[in-house]
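Peer 1: Right, I'll just put the structure down here and ask away after.
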Amino acid sequence: MTVTDPSSSGDALADGGERPLTMSRAMVEAIADEMRDDDDVFYMGEDVADYGGIFDSTQGLLEEFGYDRIVDVPISETAYLGAAVGAAQSGLRPIAELMFVDFFGVAMDQIYNQMAKNTYMSGGNVSVPMVLTSAVGGTYNDAAQHSQTLYGTFAHLPGMKVVVPSTAYDAKGLMHNAIRDEDPVVYLFHKRLMGIGWMPAPDGPKTHVPETDYTIPFGSADVKREGSDVTVVTLGLHVHRALEAAASLGEEGIDTEVIDLRTLVPLDIETIRESVSRTGRLVVVDEDYRSFGVTGEVIASVAEDGLGDLEAVERVALPDVPIPYARPMENEVLPNVADISEAIRSAAGEQ
């Protein structure tokens, strides 16, 4: 068994990559590089200027770029996301932050019916080169309106690319690619992975990051850990939980491969199929809701390939309930390392 980690790969360490960064610092570094290179790039959102973003998503940008390009907005997601769409169609390249992904509902028309569709509806006469960033995920007890993941909701509607990084190395490369893309990109960062002081991150998301810019192509999943017995497919925070489970199960003789999707749209189904064709066992782990979501889509995509040697399928996801506020109840519904380990053992026929 070997571990494939972009933070320790030759590509990651080229050009002076011996710098461990948190995911938030890697994101900000990519944004700053793009803003220096292109005056049309600007960032807008709630508390992104003086405060630096409540999850440090813009920390330090105001000092360099000023209020004209790091723009605090009123608490009106409908207004400023609509403005971002208009700015993108006019030739600018806005990055608009939705503080919590749960708030997308108040701006659904701007996101679903304008940002995602205007290029198609105009017959290609306009493009919408904008990035919508937002924090996802639970684990810090902020109740049902601030703790959802919801990347499957965005992936379901055509017209938007959906990005979910799990490490600082991936976060920087994916952000460069997102800002340069000519189509709308939804860039979703898990708040637990950002590396902020009041919400400690697990081991793993802080990685070595090159000082130079680089891109990670969309639709390119990463095998974070190679294995021969069971394939685990996941993204975001649960990449690290799956790796922890895999390390523990390795001591029991179960060799687990962990695939980090990195993007949902486009979805790298070929990497998943290749892995499952070797292991014959598939576990999909997702912090989004179980029904009508990522777990079902991945499993169906593998099944459609007609893999006759697929021996077992398991999925671990959030139950179809609002996320509770109380810490013990939230911990009960969110998938954890024990849940993932149990699913892997079941797929491997060990229980």
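The values are calculated or read from the model by the stated rules, or taken from the named source; none is laboratory data. As the structure is a prediction and not an experimental result, all values here were calculated from the model. Cβ sites come from the backbone with ideal geometry, for glycine too, and all protein chains shown count toward neighbours. With ligands, DNA and RNA removed, areas are computed over all heavy atoms of the protein, side chains included. Shrake-Rupley method; radii C 1.70, N 1.55, O 1.52, S 1.80 Å.
Peer 1: Would you confirm whether any residue within the stretch 187-206 is within 30 Å of residue 125 (Cα to Cα) and surrounded by 18 or more Cβ atoms within 10 Å (Cβ to Cβ)?
Peer 2: Among the residues of the stretch 187-206, at least one is within 30 Å of residue 125 (Cα to Cα) and surrounded by 18 or more Cβ atoms within 10 Å (Cβ to Cβ), which makes the answer yes.
Peer 1: With respect to residue 84, determine if the residue is part of a helix (DSSP H, G or I), under 13 Å from residue 107 (Cβ atoms) and open to solvent by 20 Å² or more (accessible area, probe 1.4 Å).
Peer 2: Criteria not met by residue 84.
Peer 1: Mind checking which strands (runs of 3 or more DSSP E) fall wholly inside the stretch 123-230 and carry at least 1 residues that are out of contact with any helix residue (DSSP H, G or I) (no Cβ under 7 Å at 6 or more places or on another chain) and not hydrophobic (A, V, I, L, M, F, W, C)?
Peer 2: Qualifying strands (runs of 3 or more DSSP E): 131-136, 161-163.
Peer 1: Ok, one more. Quick one: which residue in 250, 236, 219, 293 is open to solvent by 10 Å² or more (accessible area, probe 1.4 Å) and at pLDDT 95 or above?
Peer 2: Being open to solvent by 10 Å² or more (accessible area, probe 1.4 Å) and at pLDDT 95 or above holds for just one of 250, 236, 219, 293, which is 219.
Peer 1: Take the residues in the stretch 112-138 that are β-branched (Val, Ile, Thr) and open to solvent by 10 Å² or more (accessible area, probe 1.4 Å); name whichever of them is nearest to the chain's Cα centre (by Cα).
Peer 2: Here the residue is 119.
Peer 1: Is there any pair with a first residue in the stretch 286-311 that is outside any loop (DSSP other than H, G, I, E, B) and a second that is loosely packed, with under 14 Cβ neighbours inside 10 Å whose Cβ atoms are under 8 Å apart and which are 6 or more apart or on different chains, and what are they?
Peer 2: Taking only residues 6 or more apart or on different chains, the pairs are 289/319; 289/320.
Peer 1: Also, I was wondering about something else. Can you tell me which residues in the stretch 87-105 are assigned to a loop (DSSP other than H, G, I, E, B) and out of contact with any Asp or Glu (no Cβ under 6 Å at 6 or more places or on another chain)?
Peer 2: If the condition is that a residue be assigned to a loop (DSSP other than H, G, I, E, B) and out of contact with any Asp or Glu (no Cβ under 6 Å at 6 or more places or on another chain), then 90, 91 are the ones that fit.
Condition check ((1) among the charged types (D, E, K, R); (2) within 30 Å of residue 185 (Cα to Cα)) across all residues:
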site: 266; (1), (2): no, yes
site: 274; (1), (2): yes, yes
site: 282; (1), (2): no, yes
site: 288; (1), (2): yes, yes
site: 299; (1), (2): no, yes
site: 325; (1), (2): no, no
